[in-house]
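First comes the structure, then the notes that go with it.
Each value in this text was obtained by applying a stated rule to the coordinates, not by laboratory testing. Being a predicted model, the structure only gives us computed values, none of them experimental. Quick reminder, even Gly has a Cβ in these numbers, built from the backbone with ideal geometry, and neighbours come from all protein chains shown.
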Amino acid sequence: MSYIEKKYKQKINEIFEELPSLENHLIELLERNSIKVVDEVAQVCAQFNKNINLILRKYYPEIKEIKDKLEIKSVLKFYYDLIDKLTDLVRNIENFQKIDPEYYDKLIEFIDDKENLISGKYKTICSQELTAFYDPTSRANLEKIIAEKFLSKSKEYFTFGSLEEEIKKIAKVAGANQVSINHVDEASKKELESANSIISYSVPDENDKEILGKIGAELKQYLESKKYYVVVEPSLIITNAKLLADNNKKAI
């Protein structure tokens, strides 16, 4: 294990060790069964976002050992789902100004079951992803599927594997409330003739240019790190996805 890999693994573990205190505070808020805690819940969610995004963007890409990747990915998947659940809670409260008390209970159960979920459900999912990614036969099958989808110009070109997941997570962490990935339309091809995919995103306040710009910048940085060429517009990113088959090895 390289020095940088060892150092970043330690950084990841330190962040993971800090998160249970946030979970305890979150449970205290949820146990109040009140929509009045929505702002505090949103703040906790933002803190989870910040920490998970730091791991995902800075530290995790340097981890090479499969065993370590499996352990880290399993924990990250738990927090991905927790962030999604909290985002839905906040959105529902803001939209309807009420929530079923069972919603709070289910969230508390989810947090309390963290260790079982990580060691069971999430580790199984991550193990399958990593096995499929690094096993030569599975890789060949995956690349065949990618090629077929590309040739058929499927609108669901990105609807499998971790690439779509990471794109959506990055956008949501940056502030997007909706993200979709589709085959490019003819109008968008004027921006990028070789374009094959378009990533659309929206934010709660469509006039918030700062958040829209931040989302676009972060997605652009991520995609360019995967060797894609992108064009950024205020609420979407147009990508040249022809390199996916060559660069998919970097997606996990």
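Taking a ≥ b ≥ c as the square roots of the eigenvalues of the Cα gyration tensor, an a/c ratio of 1.5 or more together with a/b larger than b/c marks the range 34-139 as prolate. Note on Asn177 and Ser127: with the Förster distance fixed at 41 Å, the Cβ-Cβ geometry gives a FRET efficiency of about 0.85. Measuring from a point 7 Å past the Cα of Gln221 along Cα-to-C-beta, which residues in the range 45-87 have an amide N at less than 11 Å? Residues passing the 11 Å test: 54, 57-58. In sequence order, the range 209-224 has phi-based couplings of 5, 5, 5, 4, x, 5, 4, x, 5, 5, 5, 4, 4, 5, 5, 5 Hz under the Karplus curve 6.51 cos²θ - 1.76 cosθ + 1.60, θ = phi - 60°, and Gly or Pro positions carry x.
Net length available on complete extension from Glu233 to Ile4 is 78.9 nm, with 0.36 nm assigned per residue and the Cα-Cα distance removed.
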